[in-house]
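Just below is one structure, and these are the notes that go with it.
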Amino acid sequence: MTALLPRPSILSIEPYVGGESKIPGVNRIIKLSSNEGAFGPPPGAITAIAEVAATAHRYPDSGATALREAIGRTFGLDPARIVCGNGSDELIAYLILAYGGEGTELVMPAHGFVMYDLTGRYAGCRVIKVPERDMVADVDAMLAAVGPRTKLMCLVNPNNPTGALLPRREVERLRAGLRDDILLILDAAYAEYVTDPDYDPGQALVDASGNTVMTRTFSKIFGLGGLRLGWAYMPPGVADVLARIRGPFNVNSAAMAAGIAALAEPGWIERSVVHNTEWRERVTQALRGIGITVRPSHCNFVLADFGTPEKAKAADAALRAKGLIARGVAGYGLPHCLRITIGTAEECTLVIEALTEFMRG
Ligand SMILES: *Cc1c(COP(=O)(O)O)cnc(C)c1O
C-alpha cells in the first residue's frame, strides 16, 4: 500500500491562524488583531456593494479594467502594469509559485510577513529568514544570504508586525545588490499610512528595473478586507506571466465596485492618516510611559514589547478580560510582543487603560 501524500514541503507548513475575533463569555468584543482600519468600509463602498447585488449573476470583468484605471489615476501609474488579485496574498502566491519552486531559495527578514514563509514552502522553496538589527531588516545580511539558487527576495515596508520602515536608500541598495534574475517583492500593504516624506512604496524601483514588483491592498486603510482585494504594480514581463497563470475571474464584482468607490471616497485617506498618526503616537507614548517598549511604527498598529513571553501572555489575558483582542506574534519569532491595531479613539483609550492597570500589577 502506498499512501496518498502531497509534496514533502507542504507538510512543513503550519496552517495560517488569523487574528481572533471572539472571546467566550465576553459580549462586547473590540478586535484589534488584524489591522483592518479604524473606520470600517468607506460609505461609498457600502453603497457600491449593494448596487452590484442585482447583477451578481454576471461574471465579473476578467481584466478588472475599470478598477485598474481607477488605481492608475489615484496613484499615477500605468494601468497596463497593474494586476488585481483576490487580496494581495493571492498575487504574492502567484509570484512565488511562478518564480520560485523546488530547488530555489526565498530570502526574507526574520520578522517579515508570515505569508511569505508559508507560500514559499508551498512552492517548494527553501525559505531563508535573515536576522534583523533591533527589529529592522538588515540589508547587508539580506544580501549576504543570497546564494546561486536564490530566486526571490521579499520585503514588507513598512513591516508587519514590527512597524519598521526601511529608508528609500536602503531599499535601493538592496535592489542594486541583487542579481537581475532575482525577483524583489516589495509589499507595501501599509503604504497609505506612511507620513515620512522620504518613503517610496516601490513605484520608482519597479519603473527602474525589470525584476521588482510592488504589492498593495484594499484590506487596511480602505477597510475592505472581507471582500479580498489587492493589486500589484510590475514590469510588463511579470504582468505577462501573471496573465498566464491568474484565475480569469479572481476578483469578484463586489470587490471591484467597492474598490473603485473606496478610491473615490472624498477625504478618506487623509482622515484615516490624520487619525492614525495622532493615535499611534498617543498609544506609543502612553505605553512607553508605563514601561512597555514600543519601537517607532509607520503602520496602523504598534508592537508592544513586554520583554518576556510570560509577560506578553499575561498582558494578552488582561486585555481579553476587557474584550480587547490583540495579536500574539509568536509565529513571527516575537513571543514577547503583542501587535495592537490602532482603532477608534475610544478603542485606543480602552487599550491604554487596560494596559496601565495591568502594568500596575
Ligand atoms: C494585511 C497584509 C497584506 C494584505 O493582504 P490581503 O490579502 O490583501 O488582505 C499583505 N501583506 C502584509 C504585510 C499585510 O500585513
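Tabulated results
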quantity	calculated
Residue ID - most open to solvent (accessible area, probe 1.4 Å), chosen from residues in segment 38-87 that are among the hydroxyl-bearing types (S, T, Y) and touching a residue at least 24 places away in the same chain (Cβ under 8 Å)	Y59
Single unsatisfied condition, H336 versus (1) touching a Lys or Arg at 6+ places or on another chain (Cβ under 8 Å); (2) without any contact (Cβ under 8 Å) to a residue 12 or more places away in the chain; (3) not aliphatic (A, V, I, L, M)	(2)
Options A53, A70: the member that is more than 16 Å from the ligand (Cβ to nearest atom), in contact with a Leu (Cβ under 6 Å, 6 or more places away or on another chain) and in a helix (DSSP H, G or I)	A70
Conditions (1) farther than 16 Å from L97 by Cβ; (2) of a type in the set (S, T, Y); (3) within 15 Å of the ligand (Cβ to nearest atom): number failed by T212	(3)
Unique residue being over 28 Å from P296 (Cα atoms), open to solvent by 10 Å² or more (accessible area, probe 1.4 Å) and either hydrophobic (A, V, I, L, M, F, W, C) or more than 12 Å from the ligand (Cβ to nearest atom) (or both) when the list is P197, P266	P266
Residue within segment 152-174 that is more than 16 Å from the ligand (Cβ to nearest atom), open to solvent by less than 20 Å² (accessible area, probe 1.4 Å) and of a type outside the set (A, V, I, L, M) present	no
Selection from segment 113-155 of residues that are closer than 20 Å to I10 by Cα and among the small types (G, A, S)	G120, A123, G124
Unmet criterion (only one of (1) in contact with a Gly (Cβ under 7 Å, 6 or more places away or on another chain); (2) assigned to a helix (DSSP H, G or I)) for L11	(1)
Cβ pairs under 8 Å, 6+ apart, first in segment 311-330 and in contact (Cβ under 8 Å) with a residue 24 or more places away in the chain, second among the acidic types (D, E) and buried (at least 16 other Cβ atoms within 10 Å of the Cβ)	L324/E347; A326/D316
Segment 226-248, residues that are touching a strand residue (DSSP E or B) at 6+ places or on another chain (Cβ under 8 Å) and open to solvent by less than 40 Å² (accessible area, probe 1.4 Å)	L229, G230, W231, A232, Y233, M234, P235, V238, A239, L242
Long-range neighbours under 7 Å by Cβ, at least six apart or interchain, first residue within 18 Å of L97 (Cα to Cα) and modelled with pLDDT of 95 or more within segment 142-159, second more than 16 Å from the ligand (Cβ to nearest atom) and of a type in the set (G, A, S)	R149/G103; K151/G100; L152/G100
Matching residues in segment 270-317 - criterion: being among the aliphatic types (A, V, I, L, M) and open to solvent by 50 Å² or more (accessible area, probe 1.4 Å)	V274, A317
Neighbours by Cβ (under 7 Å, 6+ apart or cross-chain): first from segment 224-248, without any contact (Cβ under 8 Å) to a residue 60 or more places away in the chain; second not in a helix (DSSP H, G or I)	G237/G210
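The values are calculated or read from the model by the stated rules, or taken from the named source; none is laboratory data. Predicted model only: the values in this text are computed from it and were never measured. Here the Cβ is made from the backbone with ideal geometry for all residues, glycine too, and neighbour counts use every protein chain on show. With ligands, DNA and RNA removed, areas are computed over all heavy atoms of the protein, side chains included. Shrake-Rupley method; radii C 1.70, N 1.55, O 1.52, S 1.80 Å.
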